[in-house]
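Please read the structure below before turning to the comments.
The values are calculated or read from the model by the stated rules, or taken from the named source; none is laboratory data. Note that the structure is a prediction, hence the values are computed from the model and not measured. Virtual Cβ from ideal backbone geometry, glycine too; neighbours counted across all protein chains shown.
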Amino acid sequence: MLEAITKKCQGGTQVNLVQDIKVMNVLGPWQTKSRGNLMVLFSLSQTINLQEFFKWDKRELENIPDIRGLRYYIVKDLPKGEIGGVEFHKVRQELVFATKGAVKWKCEDLYGNQKNTILTSQNGIWLPHFILHTYEVLVEGTELAVVANTTFDPEDSQTHDTFSAAEFREIQRLQ
């Protein structure tokens, strides 16, 4: 099982390093009885420690409503060449898959370490919190599927747990 290697940043918050990011292979496809294709995006018992995915920094949760939970969402019809993400999360972790098309996924930790991965229908990525991530859409009409360990209220911006690259750089500068 994956044990996250973490360091404490200013204020004592545990942060992850890019070496903590886990790229996962998608299993399949296998033809179903209905002649569809079955693909296993992830099998947590074989890929990551489920307890790590449902681990939230208590210090960060003290500043926002309780957003612990489980959420699955899809980002559809992404145009080729567009840039997305350009953000980091203080609490949220994500499992991200390109269920259609492809993206170049770029990650950076607070210590400047970087990791890049091309996400296709054959793999996915586990993205811990405090990792700046940006993606570039490589194929017209790309679709991303995301599993997050937080809930979300569109009416309450405090539940979004999304912070800009500029805020990330400010934290980096203070290290």
**Request:** Among the residues of the range 118-131, count how many are among the aromatic types (Phe, Trp, Tyr) and in a strand (DSSP E or B).
**Result:** 1
**Fill in**
With criteria (1) more than 17 Å from the chain's Cα centre (by Cα); (2) at pLDDT 95 or above, residue 157 comes up short on (2)
**Subset of the range 118-131 that is surrounded by 18 or more Cβ atoms within 10 Å (Cβ to Cβ) and among the aliphatic types (A, V, I, L, M) - its residue that is farthest from residue 173 (Cα to Cα)** = 119
**Request:** Would you kindly identify the strands (runs of 3 or more DSSP E) lying entirely within the range 47-117 that contain at least 3 residues that are loosely packed, with under 12 Cβ neighbours inside 10 Å?
**Result:** 68-78
**Asked** Could you list, in sequence order, the residues of the range 97-119 that are under 13 Å from residue 75 (Cβ atoms) and among the charged types (D, E, K, R)?
**Response** 100
**Item:** Members of the range 119-175 found to be over 19 Å from residue 108 (Cβ atoms) and of a type in the set (D, E, K, R), listed by number
**Value:** 140, 143, 153, 155, 156
**Request:** Tell me, yes or no, whether the range 132-145 has at least one residue that is closer than 25 Å to residue 171 by Cβ, at pLDDT 95 or above, among the polar types (S, T, N, Q) and part of a strand (DSSP E or B).
**Result:** yes
**Asked** Does the range 52-72 contain at least one residue that is modelled with pLDDT under 85, within 16 Å of residue 124 (Cα to Cα) and not hydroxyl-bearing (Ser, Thr, Tyr)?
**Response** yes
**Prompt:** Could you say whether any residue in the range 164-175 is closer than 24 Å to residue 39 by Cβ and either touching a residue at least 60 places away in the same chain (Cβ under 8 Å) or touching a helix residue (DSSP H, G or I) at 6+ places or on another chain (Cβ under 7 Å) (or both)?
**Reply:** no
